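Structure, as structure tokens:
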């Protein structure tokens, strides 16, 4: 059983996948990879006892992405419980851009406008 | 007992001063008001702004709601009107897509690759390719990164040497990560269809934190493409524009041409009281200004016909003639300020929206007309309000009277009025004699320079950058202001602010979306203010100083809207420091700061 305290946090963006791994997930990861930032993928189902954890808690960088069936959320440590920093509908275009923004956030660079 | 209102119509703002004046001449100042000047100063359109300024003054007086003004005193508005223009004096023409220098954020790979440009399809079909040749792959957005990498790897395995790639999508890193042999890749090339296929090209990507060394060096480009001495000279603007970039592509095209030519910007014909001079615009602002300073008094300026400067000056005179109901011949330019600057111009034939900084000269001119336009304004005001309106005396005299209400001032006194359209100076000696001057170039010219040098294409944004300090949003909870101080927020900032440079306007953050470093914004803002206001302050003071020697001035008061600016006054004080002059911002009536000098003077002069 994985719990928050025993988990080894790494300096990566934690990507929690809560749907079947598919092209949407691939696009998010591509957005992060192009920016030169490392990610680690977690399958929601296998997080067992840690289901209440926020995605960013799995990341030493304090940045996490949750990819659901209908939407994708970018969560950051600095804004706990309340809102995700960004939330978009799960489609290829938005997925890539959200991945990019997660990486830009890590790098401290202005985020791109997803709706364009 | 009468209620008197003083109205000062300036180039940018209209100010009002309301006071109670008793029959024995005692003045009780009630309030002041301010509004944007409507229309060009000295025309009937000003009435709207005057009414707004009066309304502003009256509304702050809650116990005098139905205040009835007995007399409105309006300034003579020394008929000087300013205008500004910007002219490029160099033009760089690059034809036939010779280079790519947009500096994308995430290029792929590292190093320098020189080869023949081929489309990806040629690599997948292995057609028209030779094993002894080197190639640069062009990947349009119809290909995704996985298949692109697969095709390049495939061609490599067949012995085709691919040494670089030019990619339309932002996928340089993604492609390079999947290649068996790493190559330099420039991505985000918007107009990829313009890349001339089967030409010789060089792709260079530097390491993170570094800039390219070969393509930013004209001899480097010459070595790659075996250029002659003459061709190398022509390639200089390309190399120049690639300095400091992390990645670039230079392509040798058969018809390709790079030319940096000087536009004959034209001559200025300066007519003085006792002499006349001719100066070429492309000699630069310093030369123009030194010639003007040598002339006793400028009576008029004309521009060479059929040149940019010629038509600019004609336009200014024509516009002023129309607005003031004058004839062209009666419009004379009495002062001109030239400032060296530059203008980012889009490169025609650039493949990714590149711009070149072209040298330019910004010019502000001061036009003087024969007629007294304020009469029409006064008549119109009387019709609208029914109050008596009187055109009171000379603006410079009023400014000095108002400035003298600053605690601590005494005669002799010099007043520097820093406005939106002009920089004015006046000096009053112990005998009460006043000398004054009005110079072209003030707040509006500063805004124009900031707008062009930062390539904002947004005058309002330039105005905000001029007036307020900037800061960098470093996290969702804090920003670092340009003076290194940190400001914290209790609630997280919106995602749109993250990482951006913002303007700190009172308690508001205005994001700047243009890709410009904070340090550059600060540098350009300060330089623009120096080039206009410090230059003009010294120019104006030298003109009115006894025997034109600044050391003969003992004290100076700064008034006007631009004196409120957070930096300008200090810059001027610093420049005046060596003359050992007591200089400071005015504090009209001990309460208004540097504003309202002329309006206050108008009220005072009624009693004198």
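We did not get these values from a lab; they are worked out from the coordinates using the rules stated. Note that this is a predicted model, so its numbers are computed, not measured. So basically every Cβ, Gly included, is an ideal-geometry build from the backbone, and we count neighbours across all protein chains shown.
Tabulated data for the structure shown
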item	result
Pairwise label distance in nanometres, residue B:382 with residue B:430, each label 7 Å out on the Cα-Cβ vector	4.3 nm
Potential lengthening between residue B:28 and residue B:296 on full extension [0.36 nm per residue; Cα-Cα distance subtracted]	92.1 nm
Interatomic Cα distance distribution for region B:187-227, bins of 10 angstrom, percent	24, 42, 33, 1
With Cα atoms, 0 to 90° folded angle of helix B:597-607 axis to chain B main axis	10 degrees
Pairwise FRET efficiency - residue B:534 versus residue A:71, Cβ, R0 = 51 Å, nearest 0.05	0.35
For region A:54-92 versus region B:1-65, the gap between their alpha-carbon centres in whole angstrom	57 Å
Between helix A:92-107 and chain A: long-axis angle, C-alpha atoms, 0 to 90°, nearest 10	70 degrees
Ranked list, fewest to most other Cβ atoms within 10 Å of each Cβ, for B:17, A:92	A:92, B:17
Whole-Å semi-axes of the ellipsoid equivalent to chain B (Cα gyration tensor, √5λ, descending)	59, 28, 21
Peptide B:494-501 - average C-beta neighbours from other chains (10 Å radius)	5
Peptides B:142-152, B:118-128, B:483-493 ordered by average Cβ neighbours within 10 Å, highest first	B:142-152, B:118-128, B:483-493
Packing-based ranking, highest mean first, of B:198-205, B:129-136 given that Cβ atoms within 10 Å are counted	B:198-205, B:129-136
222 nm mean residue ellipticity, helices alone, for the protein assembly as shown (DSSP H n ≥ 4; -39,500 (n - 2.57); rounded to 500)	-8500 deg cm²/dmol
Choice from A:66, A:88, A:15 showing the highest fluctuation, given a GNM over chain A with Cα pairs closer than 10 Å	A:88
Taking the C-alpha atoms of the protein assembly as shown, convex hull volume expressed per residue in Å³	206 Å³
Estimated FRET transfer efficiency when R0 is 22 angstrom, pair residue B:276-residue B:305 (beta carbons, to 0.05)	0.85
Relative frequency of Cα-Cα separations exceeding 14 Å in region B:112-196, percent	56 percent
Inter-chain shielding of A:83-92 (mean C-beta neighbours from other protein chains, 10 Å cut-off)	1
Cα-projected label distance for residue B:156 with residue A:19, points at 7 Å along beta-carbon direction, nm	3.3 nm
Cα-projected label distance for residue B:514 with residue B:607, points at 7 Å along beta-carbon direction, nm	4.8 nm
Cβ crowding within 10 Å averaged over residues, with B:18-24, B:1-7 ranked highest first	B:1-7, B:18-24
Chain A: translational diffusion in µm²/s, Stokes-Einstein, Kirkwood Rh over Cα pairs, 25 °C, 0.890 mPa s	177 µm²/s
Tilt relative to chain B, helix B:374-385 - C-alpha long axis, 0 to 90 degrees, to 10	80 degrees
Sites residue A:43 and residue B:358, calculated FRET efficiency, Cβ-Cβ separation with R0 41 Å, nearest 0.05	0.15
Share, in percent, of DSSP beta bridges within the protein assembly as shown that are antiparallel, nearest 5	75 percent
Relative contact order (percent, whole number), chain B, Cα cutoff 8 Å, 6+ residue spacing	15 percent
log10 of Debye I(q)/I(0), alpha-carbon scatterers only, for region B:431-530 at 0.19 Å⁻¹	-0.89
Fully extended contour minus Cα-Cα distance, from residue B:459 to residue B:210, at 0.36 nm per residue	86.2 nm
10 Å Cβ neighbours from other chains, averaged over peptide A:29-40	3
